[in-house]
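Undergrad: Quick one: this structure, given as structure tokens, is what I'll be asking you about.
What follows draws every value from the coordinates through simple rules; no lab data is involved. Predicted model only: the values in this text are computed from it and were never measured. Because the Cβ atoms are built from the backbone with ideal geometry, glycine has one as well, and the counts that use them run over all protein chains shown.
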Amino acid sequence: MQEKDPFVFKYEDVVAAGGHDIRLAPEPALFADAFENPAALKKLEIELILSVGGDSVLAEGVVRAELQLECSRCGEPLTRTFEDSFDEVYPDTVEYIDTREVIRETAGILSPIKVLCAEDCKGRCLVCGTNRNKKPCGCRQEKSGSFEALKDFKPGHPGGK
């Protein structure tokens, strides 16, 4: 264990102090490995409350991350802030309360699967690649449904036709 790690606390010190209330803004590089694209993490803020109760310590926290992502439809870069909370109980049998992993796990689930620059994002043209939010294109796009292959199917006939 690294001495003076701001995410690791000696159990007996937390109990003696009656708990802790901590706000941290670590360098993004410390938790960037929690993300599929580590460069996406631009800013990280952590609120951590350690509460003593009976024979355990409850660690409650909020992880707030500013992420630079790309719109799922048009591919334009965008920056958004996401947050989530966690709680973890540490029994009196531990010597140290190490919050690094629970913070890393919470940060890692903040990045959404799909993010849009705007709800009405028009995306890119599938033919020429033009960002249709910036200018319309003259491409004609054929509309084909997912059932296009069944258009000539006739039930009850051998082979379907």
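Undergrad: Extension gain ALA39-LEU116, at 0.36 nm per residue separation less the Cα-Cα distance, in nm?
TA: Full-extension gain reported as 25.8 nm.
Undergrad: Here's a follow-up. Less than 11 Å from a label point 7 Å out along the Cα-to-Cβ axis of VAL94: which backbone N atoms in the stretch 1-41 qualify, by residue?
TA: Backbone N within reach: 8-11.
Undergrad: Could you work out the longest stretch of the chain that avoids the chymotrypsin sites (Phe, Trp or Tyr not before Pro) located in DSSP loops with at most 13 other Cβ atoms within 10 Å? The partial results should precede the final answer.
TA: Details: sites that count: PHE147, PHE153.
Longest gap between qualifying sites, sites excluded: 1-146.
Undergrad: Which of VAL57, VAL8 comes first, and how do the rest follow, when ranked by fewest Cβ neighbours within 10 Å? Spell out each step's value before the answer.
TA: Numbers: VAL57 22, VAL8 14.
By the 10 Å Cβ count, ascending: VAL8, VAL57.
Undergrad: Could you state the number of Å between the C-alpha centres of the stretch 64-78 and the stretch 9-42?
TA: Centre-to-centre distance over Cα atoms comes out at 24 Å.
Undergrad: A further question follows. Filter the cross-link list LYS43/LYS134; LYS114/LYS135; LYS43/LYS114 down to pairs whose alpha-carbon distance in this structure exceeds 25 Å. Don't skip to the end; give the middle numbers.
TA: On the way: LYS43/LYS134 29 Å; LYS114/LYS135 23 Å; LYS43/LYS114 20 Å.
Over 25 Å apart, Cα to Cα: LYS43/LYS134.
Undergrad: Within the stretch 1-52, list the trypsin sites (Lys or Arg not before Pro) lying in a DSSP loop whose Cβ has at most 14 other Cβ atoms in a 10 Å radius. Kindly include the intermediate steps, with their values, before the conclusion.
TA: On the way: sites: LYS4, LYS10, ARG23, LYS42, LYS43; in loops: LYS4.
Loop-located and lightly packed - LYS4.
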